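First comes the structure, then the notes that go with it.
The values are calculated or read from the model by the stated rules, or taken from the named source; none is laboratory data. These numbers were taken from a predicted model, which means no experiment stands behind them. Here the Cβ positions follow ideal geometry from the backbone for every residue, glycine too, while neighbour counts run over all protein chains shown.
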Amino acid sequence: MIEVYISGLAYDTLSNAPVVLLKERDGDRILPIWIGPNEAGAIALELSGMKYRRPLTHDLMKSVINGLNAVLQKVVVSALKDSTFYAKFYILASKNEIIEIDARPSDSIAMAMKFKAPIYISDELENSFIELTMTSEDTGVDSDAISPMDLKKRLRNIKPEDFGDFNL
């Protein structure tokens, strides 16, 4: 598994959808995942450290998990099927039992932030990452790092098939 962290949120103007950017902890690649506006809002609130005055869905989930004397151990973005990413929560229950729960990556990421739990990408998704380091052939510039403008251009030109095998 590849550990990642939230590098940022972006907005894809072509699809009118938010994108969460997951950057590998020990490398220079990112995995963009298009998400819904509500989940983007929850992630943005967590990133900013702001609290909503009343509990939102992810706050409620955290309260329920804590109330059961359990903890979110980790989340894993586990698969890509038909242009859709899948994820799983791994909850450590009170009897040292690990409970695996299917979830959307956006909800998983928001919950990982609430619990300060690690986020991983399955090794099977290795080819779904985008390299942040580029050669002069890629950019036309003799540089080792991609600029924000180059990243924006590269994200705009991504096609679903660029993420690898959709028929897992």
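Residue by residue through segment 26-53, note down the ones that are in a loop (DSSP other than H, G, I, E, B), modelled with pLDDT of 85 or more and surrounded by fewer than 16 Cβ atoms within 10 Å (Cβ to Cβ).
Within segment 26-53, Asp26, Gly27, Asp28, Gly36 meet the criteria.
A quick yes/no check of all residues on (1) under 21 Å from Phe129 (Cβ atoms); (2) in contact with a Pro (Cβ under 9 Å, 6 or more places away or on another chain):
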site: Val20; (1), (2): yes, yes
site: Asp26; (1), (2): yes, no
site: Pro55; (1), (2): no, no
site: Val75; (1), (2): yes, yes
site: Phe85; (1), (2): yes, yes
site: Ile91; (1), (2): no, no
site: Ile99; (1), (2): no, no
Neighbours by Cβ (under 7 Å, 6+ apart or cross-chain): first from segment 5-28, free of Cβ contacts under 8 Å to residues at least 24 places away in the same chain and within 21 Å of Ala112 (Cα to Cα); second among the aliphatic types (A, V, I, L, M) and assigned to a loop (DSSP other than H, G, I, E, B): Pro18/Ile35
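Quick grid of which residues meet (1) without any contact (Cβ under 8 Å) to a residue 24 or more places away in the chain; (2) on the phi > 0 side of the Ramachandran plot:
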| residue | (1), (2) |
| --- | --- |
| Asn69 | no, yes |
| Gln73 | no, no |
| Leu80 | no, no |
| Ala87 | yes, no |
| Leu92 | yes, no |
| Glu97 | yes, no |
| Ala103 | no, no |
| Asp107 | no, no |
Whichever residue in segment 58-84 is in a loop (DSSP other than H, G, I, E, B) and within 18 Å of the chain's Cα centre (by Cα) and, among such residues, is surrounded by the fewest Cβ atoms within 10 Å (Cβ to Cβ): Asp82
